[in-house]
Structures are given as structure tokens and as C-alpha cells.
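Notes for the one structure printed next.
Nothing in this text is a laboratory measurement; each read-out follows from the coordinates by a stated rule. Remember, it's a predicted structure, so these values are computed and weren't measured experimentally. Note that each Cβ is placed from the backbone with ideal geometry, even for glycine, and that neighbours are counted across all protein chains shown.
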Amino acid sequence: NAGVTQTPKFQVLKTGQSMTLQCAQDMNHEYMSWYRQDPGMGLRLIHYSVGAGITDQGEVPNGYNVSRSTTEDFPLRLLSAAPSQTSVYFCASSYDVGRNDNEQFFGPGTRLTVL
Amino acid sequence: AQKVTQAQTEISVVEKEDVTLDCVYETRDTTYYLFWYKQPPSGELVFLIRRNSFDEQNEISGRYSWNFQKSTSSFNFTITASQVVDSAVYFCALSEGVSNDYKLSFGAGTTVTVRA
């Protein structure tokens, strides 16, 4: 299993540009989430999905869109990039609830800089 | 309001010293889960432990141990006989409710530096 994969690893955008951060998992996990990590603030939840076709907003959703057309993929779209979106983005996935060993598996992260 | 507070921003110790990381959480739910993650300098997030609100037993895993106290809403983490490889940022996190493991609230993290 490759686990959770994210592409690209690094990206530089200009203000106003759009782009999609890719996230895929091969563990057949129902739940997937996007977080951003900023210095001194830990990780904050952007959007999450409890299954294909179902998404919802997290703590900091503004400026981002998501969709979940398959169980495996959960892309994050920046509609019009702003310098405030400079951050490290992590995708995570987890099993269905009820498992005693449940944990979130995190991808390696995408470092995004918006100029 | 911050749901998870890690008051220690940075801790620096000499190898073989013990180090305790504090985590205080806030929730109104009776069912919740607490987590610790490690983020080494390479940047990935490494899962360390998940504990549910009904299990207050302390846990030991090798040099790691966790002290969960509902009375003080704390879930502290101790590294015994620290090693240079323990240098990392450590995050405490909370998920609230029965089925919200995918919605974590993280603390700001504590940077641990272990000097040889």
C-alpha cells in the first residue's frame, strides 16, 4: 500500500492563480480530511468527507473547494490564491468509526507559497 | 476558543533526561478521543496514541508514557531517557463526539530539542 499520497510536494503560485492539490489513498478509507499547518497554530481542518459524494466544511474553509467523486481521491481546489493561503497542506484518511485502533493516516504534505 | 492548549512552546533537554509535554483540552462532550502526533524535522506526521474518554488508564509504550486525567482535562505525554531522535514537534489533538475521528482539533505544538 502506498498509503496517503499528495502531489505536488512544493508549489509556488501568484496571487489570483488557481490550482488543485491532489490527495489519494489506497486503503479504502471512508473518511478523508484536509488540514493546513501554519507556524504557531498547529493544524486546522479545512474540509472533510465521510464518503464519496459527501463533503463538509471544517474550521477554515474560505477560499477552498473540495469534491469526492471516488473513495480514493479527495482534491483540494484553491479558486483564487491569496498570500494568506501560504501554508503546508496535509491530507488525511481514516477507517470507519468503531475500530479501536482507528487513527488518521496523514500524507507527506504540500508546501504552498503564494506570492 | 482554543480546544486544545499546549502551553509549552519549546523544550530543550540533554540526552537521557526525561521530558513531559503538557496538554489541556476543553470539550462539553462526554465521548471524545485524544491523540498525540509527532512531526520530526522531515515534516511527516507520525501517529503515537489514541485514547477514548472512557479509558483513564495510563499507558506506557517503550520510552513513551501518557497520563490521562479527566478531572483536570489533561493528557500529558512523557518521554523517558530522551534521545536525539526524539527531537520533533509534538501535537496533542482532540476529536469530539462518537464518530468524528476525522475532525481533529490540534494544539499549537511543542518543539522538543534533545541535545547530545
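Measuring nothing but how far apart in sequence close Cα pairs (under 8 Å, 6+ apart) lie, relative to its length, region A:39-111 scores a relative contact order of 19 percent. Applying a threshold of 27 Å to the alpha-carbon distances of A:LYS9/B:LYS16; A:LYS14/B:LYS103; A:LYS9/B:LYS38; B:LYS38/B:LYS70; B:LYS3/B:LYS38 flags A:LYS9/B:LYS16; A:LYS14/B:LYS103 as lying beyond it. When chain B is treated as a GNM with alpha-carbon contacts under 10 Å, the residue of B:GLU96, B:GLU44, B:GLU59 showing the greatest mean-square fluctuation is B:GLU44. Kirkwood-type hydrodynamic radius, chain B: 14.3 Å, calculated from all non-identical alpha-carbon pairs. Per residue of B:38-44, other chain Cβ atoms within 10 Å of the residue Cβ number 3 on average.
Relative intensity of the protein assembly as shown on a log10 scale, I(q)/I(0) at q = 0.15 Å⁻¹, equals -1.02, per a Debye sum over C-alpha point scatterers of equal strength in the absence of solvent.
Give me the inter-chain shielding for A:89-95: mean count of other chain Cβ atoms within 10 Å, whole number please.
Details: counts 0, 4, 0, 4, 1, 4, 2.
Across the residues of A:89-95, the mean count of other-chain Cβ atoms within 10 Å is 2.
Model label sites at B:THR72 and A:VAL12, defined 7 Å from Cα along the beta-carbon direction, differ in position by 4.8 nm. Note on A:105-115: average number of Cβ atoms from other chains within 10 Å of each residue's Cβ is 2.
Whole number please: convex hull volume per residue, Cα atoms of region B:60-108, in Å³. Output value, Cα hull per residue: 117 Å³.
As a ratio to 2.2 N^0.38 Å, the alpha-carbon radius of gyration computed for chain A takes the value 1.02.
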